[in-house]
């Protein structure tokens, strides 16, 4: 499947186990309520896109790639967010005065079709493949490498080559969520802690990241008891009984697991303060369980959509007739908008011809990419040396914390907290 909107309109890495993303998959929240309401130099998003004249000239063409018509992991909110950004930026005068044109490729969560999207990107002459997500890019990335096309701004890399290829520029890293939860619970004074993980052998890297969070703040990981639950939703009464009188609980579980878990906790009279991943412990869960979730903490790659930094995104959802059935306060929605914002900032700094080669060169030279708080300031020239040296293309190990107050998920403080050292069990500097 391929659509266009213009001015008119090798294996999985062991520390990024597919199970972590399957556990996280509803953080992308393809469906549901959306009510939660520069190259080599530092830049500001508002300054870079503050234009009024209508864009003219040859379009700057980009691709967005993700599963859409898929029974596995459909993410229609990714191309819809890309469309909203295209409408928004073109109304602002485009990029360097030229219109942004969007090519959408549906890879149906199939590695072979992902490779076909890479070939289409080459044929279409796109400047970059921006803000997408799919299950397996290991066949697609070599094609993109050969043709100098960047896989740019992905929120949630999971394929080995996404962590290692010189054309990969992730802007997020969900594998740091368990680490950040451990750090935050310790800082919040939790003493009787439970970590809930899916009962699957591939939970090992998740638990390792979680335990490293405790180590980073000088706390014995045994401070937290580990309770495993079946990844298929069901009766979690036995697991709730193990939680008992814990004062804090981190749930590395999907959105569908939270309702039966909270129901079971209520059944045994257990009332821990909750901590969970962005998009999974979300507004839908808060609406269903207002008492249990009050005071909960949500760990995310991005601040909640209610943050001032997303004002243009929120306005565009209203102004450009966004599909009301899709969730934009998600890794997919927020991640796609921030990726396109970053793309714009880099292209605005390119002097001369704008194409896939010049964009790739500019991205690789970018040292102070400032999206205004959508993520922390990024340096694409400095590869990550942690994680055993196996994930060098991770440039952002920052997390944001949201809290549940009065039935709403709201930003805690809008500060990006760096988990770069903590992920390896070392003190944060």
**Study point:** Rounded D (µm²/s) - the chain, Kirkwood Rh over Cα pairs, Stokes-Einstein at 20 °C, 1.002 mPa s
**Key:** 100 µm²/s
Review point. Across every pair of different alpha-carbon atoms, what Kirkwood hydrodynamic radius in Å does segment 201-354 reach?
Key: 18.1 Å
Review point. Listed highest first by mean packing, meaning other Cβ atoms within 10 Å per residue, what order do 246-259, 184-197 come in?
Key: 246-259, 184-197
Check your understanding: Going by the alpha-carbon gyration tensor, a ≥ b ≥ c the square roots of its eigenvalues, is segment 350-429 rounded (a/c under 1.5) or, if a/c is not under 1.5, prolate (a/b greater than b/c) versus oblate?
Key -> oblate
Check your understanding: Which shape class applies to segment 212-271: rounded if a/c is under 1.5, otherwise prolate when a/b exceeds b/c and oblate if not, where a ≥ b ≥ c are the square roots of the Cα gyration tensor eigenvalues?
Key -> prolate
**Study point:** Burial ranking of peptide ranges 164-175, 142-153, 335-346 (average Cβ count within 10 Å, highest at the top)
**Key:** 335-346, 164-175, 142-153
Review point. For segment 266-420, what class follows from the C-alpha gyration tensor (a ≥ b ≥ c being the square roots of its eigenvalues): rounded when a/c is under 1.5, otherwise prolate if a/b is larger than b/c, else oblate?
Key: oblate
Point to revise | Debye-sum result for segment 166-246 in log10 I(q)/I(0), which assumes one identical scatterer on each alpha carbon, at q = 0.14, 0.21, 0.24 Å⁻¹ | key: -0.53, -1.00, -1.17
Exercise for review: Post the alpha-carbon centroid distance, segment 133-189 to segment 340-359, in whole angstrom.
Suggested key: 21 Å
Check your understanding: Could you work out the helix-only [θ] at 222 nm for the chain, with each DSSP H run of four or more residues adding -39,500 (n - 2.57) and the total divided by the number of residues, to the nearest 500 deg cm²/dmol?
Key -> -9000 deg cm²/dmol
Review point. Just how far, in whole angstrom, is segment 108-130 from segment 239-304 if you go by their alpha carbon centroids?
Key: 38 Å
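We did not get these values from a lab; they are worked out from the coordinates using the rules stated. None of these values were measured; they are calculated from a predicted model. Methodologically, a virtual Cβ is constructed for each residue, glycine included, from the backbone with ideal geometry; neighbour enumeration extends over all protein chains shown.
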